[in-house]
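Scroll down for the structure; my scribbles are underneath it.
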Amino acid sequence: QVQLVESGEGLVQAGGSLRLSCAASGRTFSSNAMGWFRQAPGKEREFVAAISWSGRNTNYADSVKGRITISRDNAKNTVYLQMNSLKPEDTAIYYCAASSGGFAATGPRSYDYWGQGTQVTVSS
């Protein structure tokens, strides 16, 4: 059974940092792109960041560029999201996702496996 399990949730003040992790089990995703999405209360799920299977290519939402970095460790079957200079508008449930392809896609339909989500709250 494939599982993606996010961790690293927390409550931080504006300007602070958090690191989210997503550990995959049930199969290896070393040939698959991985992504992070988020959903704030009352809003649709939106793309945050994606990384290609090799880690050489990444994509970011404009709203997080320069503040958030996605990375992966294929040996550990894990993807990370380092979030710095957090803003209250970053408050959301963050979801990890695994794609069927190797390209760092930005659309949710490109992703077949999803985690349960982890809460990030940024206070002003």
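The values are calculated or read from the model by the stated rules, or taken from the named source; none is laboratory data. Being a predicted model, the structure only gives us computed values, none of them experimental. All Cβ positions, even for glycine, are placed from backbone atoms using ideal geometry, and neighbour counts span all protein chains on display. For the accessible areas, the whole protein counts, side chains as well, though only heavy atoms, and no ligand, DNA or RNA atoms are used. Shrake-Rupley method; radii C 1.70, N 1.55, O 1.52, S 1.80 Å.
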Looking at (1) among the aromatic types (F, W, Y); (2) surrounded by fewer than 19 Cβ atoms within 10 Å (Cβ to Cβ); (3) outside any loop (DSSP other than H, G, I, E, B), which one does Y80 not meet, given that it meets all the others? (2)
What number of residues within region 1-60 satisfy the criterion of being touching a helix residue (DSSP H, G or I) at 6+ places or on another chain (Cβ under 7 Å) and of a type in the set (A, V, I, L, M)? 1
Exclusive hit being assigned to a loop (DSSP other than H, G, I, E, B) and either touching a strand residue (DSSP E or B) at 6+ places or on another chain (Cβ under 7 Å) or at pLDDT below 95 (or both), set T69, T28: T28
Reported set for region 43-55 where residues are surrounded by 19 or more Cβ atoms within 10 Å (Cβ to Cβ), part of a strand (DSSP E or B) and over 9 Å from the mean Cα position of the chain (by Cα) is I51
Counted residues in region 8-25 being modelled with pLDDT of 95 or more, part of a strand (DSSP E or B) and not aliphatic (A, V, I, L, M) come to 4
Any idea which of G35, G8 is closer than 14 Å to S71 by Cβ, surrounded by 22 or more Cβ atoms within 10 Å (Cβ to Cβ) and touching a strand residue (DSSP E or B) at 6+ places or on another chain (Cβ under 7 Å)? G35
Only one of T69, T58, T91 is in contact (Cβ under 8 Å) with a residue 12 or more places away in the chain, under 14 Å from Q119 (Cβ atoms), open to solvent by less than 80 Å² (accessible area, probe 1.4 Å) and β-branched (V, I, T). Can you tell me which? T91
